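Engineer: Have a look at the structure that comes next, please.
The values are calculated or read from the model by the stated rules, or taken from the named source; none is laboratory data. Quantities reported herein were computed from a predicted structural model and do not represent experimental measurements. As a convention, Cβ positions derive from the backbone with ideal geometry for all residues, glycine included, and neighbour counts pool all protein chains shown.
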Amino acid sequence: MTMHEALPVHSQFTRPVNFSGHWLWGAAPAFNADPIGALMAAARMGRIVRLRFFNASAYLLREPEDVKHVLVDNHRAYHKGYGLQALKPILGEGLLTSEPPLHTRQRRMIQPAFHRQRIAAYADIITRSAEDHLATWQDGARLDLHEELMRLTMVIVARCLFDVDVSREAAQVGRAITDLIQMFDFNRIGPLGQLIDRLDLRKQRERNRRLQVLDDLIYTMIRTRRAEGIDHGDLLSTIVLAQDEEAPSIADRHMSERLARDEVLTLFIAGHETTAIALTWTFYLLAQYPEVEAKLHAEVDALLGDPRHPRRRLSWHDLPALEYTRRVFAEAMRLYPPAWATGRLAVANDEIGGVSIEKGASVLISPYVTHRLEHLWPEPERFEPDRFAPEEEHLRPKFAYFPFGGGPRRCIGEPFAWMEGQLLLAAIAHRYQLQVAPGYVAELDPQITLRPRHGMPVILKQRNKARVPEG
Ligand code: HEM
């Protein structure tokens, strides 16, 4: 794993530093070859760094107040950047990719799906799915943790979205989406990448065919639900039955079928890979820090008893007692935030810290970078969950930590993700100690999400009280 030099302390100035790069391509080759290395190198140069990609400018921000400016204080001056726009052919006008006023309306209609009582009901689905999945694991087995967690989180989001009774269709949708994601070349981001993509006609046809299969499945589910008119208590019911009380006429109150499809697909895609990645890196870090792992085991054992004879399954009510588990998950997302960078496009002229941001320029923000600022995070590369002890947390400025973004585009699934992360981490750590396979060297694969390149091979060690904790 690459260790980075610490980032310098916040300097006050009003002119951007230029990251020149190649005379013609600018920073593009450096970012193509090693996106995270280039990002860290650029961030080390100053508070606001102007990057040139061909003839387009992008400003890299790293300080919490600048991040807050873009995401909260002056969010109206920005739209989603090229990276997320590249997902529009699949996700349409879903929450992740749409813009106001449509986004504002859709968010209002979908928000109830993430209210506290709804989330509590999903906890049971999560712990039951974890139990089913862990029943397929065996002491001494070697497996790809990233792949396993992707499968588990996909089953969970499918059950929470579509209700367990339709798990056959949910599995079909899951498979169709996986195929589609694999077809998507996430390196083709930005206007040029999108143009190249459009010229590849064979790929376009294949992608459209698969999208059609997926659409048929989703539209059938939406129509069946709408005809039934019954609330199943899942996400699909919220979307299908949602009514916009502020709509100008009764006819406009329901979400159109097309928008319902876009939202279902968005929640399905945004709702599993990020959590799977966060947990994969969490177990990777635990394997390097046995003293942290021992404290985590002590917490889950105190709650559930001897791993050989667990007293019961975890539930929503256990979350307050899983405090150290929460800190571990939070600290892993500090070091390896699944959504490692996000871009915005200035739709109006703006000014950040005295620097003019011209309309049409891009702005880049990266939790990966900000989460390593030394004046906010001493010894930034060290994995130390107690940084998230409540008395420490409130000492840091807002946006020193933002794995879920912020402002009106903050992750809608955040409460779900925290609960899922805590419950899955505790359920797995209670039963197994995960050892990273000998000789494995983790490498970052920064696509839209921060995946481990070549997966994450681990060896399972069933825990029993007599031999834990192991170093
Ligand atoms: C550890 C897990 C997760 C992480 C790190 C994460 C991260 C993020 C981030 C950073 C954004 C904002 C992107 C931007 O501003 O450009 C976002 C948006 C979003 N996320 Fe998550 N997410 C996670 C889990 C989930 C889950 C479980 C769901 C759904 C069940 C979900 C659904 C969404 C949606 C729909 C949006 C768009 C929100 C909007 O713009 O209104 N995410 N997520």
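Engineer: Keeping to region 248-294, report how many residues are hydrophobic (A, V, I, L, M, F, W, C), away from the ligand (no atom under 16 Å from the Cβ) and in contact (Cβ under 8 Å) with a residue 12 or more places away in the chain. Don't jump to the end; show me each part of the working.
Structural biologist: Quick first cut of region 248-294, residues hydrophobic (A, V, I, L, M, F, W, C) only: 250-251, 255, 259-260, 264-265, 267-270, 276-279, 281, 283, 285-287, 292, 294.
Still in the running and away from the ligand (no atom under 16 Å from the Cβ): 250-251, 286-287, 292, 294.
Now drop any that are not in contact (Cβ under 8 Å) with a residue 12 or more places away in the chain, which leaves 286-287, 292, 294.
Summing the residues that are hydrophobic (A, V, I, L, M, F, W, C), away from the ligand (no atom under 16 Å from the Cβ) and in contact (Cβ under 8 Å) with a residue 12 or more places away in the chain in region 248-294 gives 4.
Engineer: Determine whether MET150 is buried (at least 19 other Cβ atoms within 10 Å of the Cβ), under 21 Å from the mean Cα position of the chain (by Cα) and at pLDDT below 95.
Structural biologist: yes
Engineer: Of the conditions (1) modelled with pLDDT under 95; (2) closer than 30 Å to ALA321 by Cβ, GLU443 fails just one. Which one is it?
Structural biologist: (2)
Engineer: Name the single residue that is surrounded by the most Cβ atoms within 10 Å (Cβ to Cβ) among those in region 412-450 being more than 8 Å from the ligand (Cβ to nearest atom) and among the small types (Gly, Ala, Ser).
Structural biologist: Step by step, filter region 412-450, then rank; the result is ALA426.
Residues checked against (1) more than 11 Å from the ligand (Cβ to nearest atom); (2) surrounded by fewer than 18 Cβ atoms within 10 Å (Cβ to Cβ):
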{"residue": "ALA43", "(1), (2)": "yes, no"}
{"residue": "GLY46", "(1), (2)": "yes, no"}
{"residue": "PHE53", "(1), (2)": "yes, no"}
{"residue": "TYR59", "(1), (2)": "yes, no"}
{"residue": "VAL67", "(1), (2)": "no, no"}
{"residue": "HIS75", "(1), (2)": "no, yes"}
{"residue": "LEU84", "(1), (2)": "no, no"}
{"residue": "SER98", "(1), (2)": "no, no"}
{"residue": "GLN106", "(1), (2)": "no, no"}
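Engineer: Quick check: is even one residue across region 311-320 of a type in the set (A, V, I, L, M), modelled with pLDDT of 95 or more and within 16 Å of the ligand (Cβ to nearest atom)?
Structural biologist: yes
Engineer: Check LYS461 against each of (1) modelled with pLDDT under 95; (2) part of a strand (DSSP E or B); (3) more than 21 Å from the chain's Cα centre (by Cα) and name the one condition it does not meet.
Structural biologist: The number of the failed condition is (1).
Engineer: Restrict the check to region 400-411 and report whether at least one residue is among the aromatic types (Phe, Trp, Tyr), touching a Gly at 6+ places or on another chain (Cβ under 9 Å), modelled with pLDDT of 95 or more and within 12 Å of the ligand (Cβ to nearest atom). Even if it seems obvious, please write down each step before you answer.
Structural biologist: Restricting attention to region 400-411, the residues satisfying the condition of being among the aromatic types (Phe, Trp, Tyr) are 401-402, 404.
Add one more test, that the residue is touching a Gly at 6+ places or on another chain (Cβ under 9 Å), and what stays is 404.
The next check asks that each one be modelled with pLDDT of 95 or more; those that pass are 404.
Subset that is within 12 Å of the ligand (Cβ to nearest atom): 404.
Yes, because at least one residue in region 400-411 is among the aromatic types (Phe, Trp, Tyr), touching a Gly at 6+ places or on another chain (Cβ under 9 Å), modelled with pLDDT of 95 or more and within 12 Å of the ligand (Cβ to nearest atom).
Engineer: Considering only region 371-427, state which residues are of a type in the set (Gly, Ala, Ser) and not in a loop (DSSP other than H, G, I, E, B).
Structural biologist: Result: GLY407, ALA417, GLY421, ALA426, ALA427.
Engineer: Of the conditions (1) more than 16 Å from the ligand (Cβ to nearest atom); (2) aliphatic (A, V, I, L, M); (3) closer than 22 Å to ILE126 by Cβ, ALA348 satisfies every one except a single condition; which number is it?
Structural biologist: (3)
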